[in-house]
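Beneath this line is the structure, given in structure tokens, with notes to follow.
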Amino acid sequence: MLRISIGTKLEHKTLGPCRVTAIARGGKYFFVSFSSGAPSGQFASASAEQYFSPPDALLDKFGLRKAAPADVRPLLEAVDRGDTTKGLELVTALDRLKEFSAVDRICRRLKSLGLELDYFLLLKQAKALRRLVGRAEDAVTVASDALTHADNKKRQSIARTVRAAAWVDLGKLDDAEGDCRKALEESPDSPHPYRVMGKVFVLRSNYEKADKCFEAGAVRDPEGRNDILVVYKDRVERLCKEGKAGEIEQIREHIGKRWPPELAARAFKEIEAVLSHGYYSHSNE
């Protein structure tokens with residue numbers, strides 16, 4: 001009997017009307033389940049390798065979700081052999097591919113090989129850890145390490161802002177605000193501390209201050225103007241799940257009164273999309 005533990009990597013293929021799920025074990029694939037729509041008997045004597053590519057031990061070792069591009073594979077092999085000189089190039093490539101678990105694993109691999117991670121590697125690892133579920137505390141630790149390796153105020157500001165975002169993930173809003181304010185002292189023209197601090201104020205339901213932060217960030221980087229929509233939408237989703245209809249109405253009222261008409265219309269559309277999914281819990285206010 002094939003036992004499947006929590007966290008096991010399953011792979012899926014759609015074959016006509018049937019969805020096939022398989023698991024990689026011991027260098028082979030085993031069938032796990034079949035969707036309705038096709039008789040499972042047609043797979044009974046088949047090998048799963050007919051439908052799934054053979055498992056790649058190197059990708060599994062470093063936690064990659066997809067096959068590595070041709071230019072990345074040699075870098076993976078080099079680091080696997082113990083060559084630390086390719087570390088930053090590999091981590092940069094994996095970060096670009098959004099392979100955040102692999103970024104963390106490669107950084108830990110480099111450290112185990114005796115390499116002292118520099119500011120750039122630590123910063124990329126901290127950013128990757130923020131993207132991984134349950135790793136916000138680790139992100140704070142690594143961002144703090146990056147901060148100690150920063151050799152100028154701009155780099156200090158960047159590392160501090162990454163740490164502030166991780167504090168937000170942990171719900172430690174006072175720590176996040178403190179890091180943002182210090183980051184702005186170090187780099188007043190950076191938009192990123194304003195954006196993180198804007199999220200802090202949204203989570204505190206202080207929407208006036210939040211908007212001012214987002215506006216300040218947008219002045220410094222107009223391409224980040226949509227960040228305010230993303231943060232408010234996330235907030236509405238959370239409030240829906242918590243059944244806090246009253247606070248959602250406060251947000252709608254604030255947006256209607258304070259936001260430019262075009263931006264407000266986009267925000268209302270996003271809010272309606274969230275509400276249409278029926279996230280409300282039974283503990284409505």
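By the rule of a C-alpha distance below 14 Å, with chain neighbours fewer than 8 residues away ignored, the aspartates and glutamates paired with residue 127 are 95, 99, 104, 137, 138, 145, 169.
Structure shown: which of 98/153; 86/212; 172/257; 154/241; 61/269 lie over 32 Å apart, alpha-carbon to alpha-carbon? Pairs exceeding 32 Å: 86/212; 154/241; 61/269. Overall, the stretch 185-282 carries a charge dipole of about 280 debye about its Cα centre when +1 sits on the Cβ of Lys and Arg and -1 on the Cβ of Asp and Glu, all other atoms neutral. For the stretch 78-145, the dipole from Cβ point charges (+1 on Lys and Arg, -1 on Asp and Glu) about the Cα centre works out to 240 debye, to the nearest 20.
Every number in this text was worked out from the coordinates using simple rules, so none of it is lab data. Computed from a prediction, not measured in an experiment: that's the story for all the values here. Note that each Cβ is placed from the backbone with ideal geometry, even for glycine, and that neighbours are counted across all protein chains shown.
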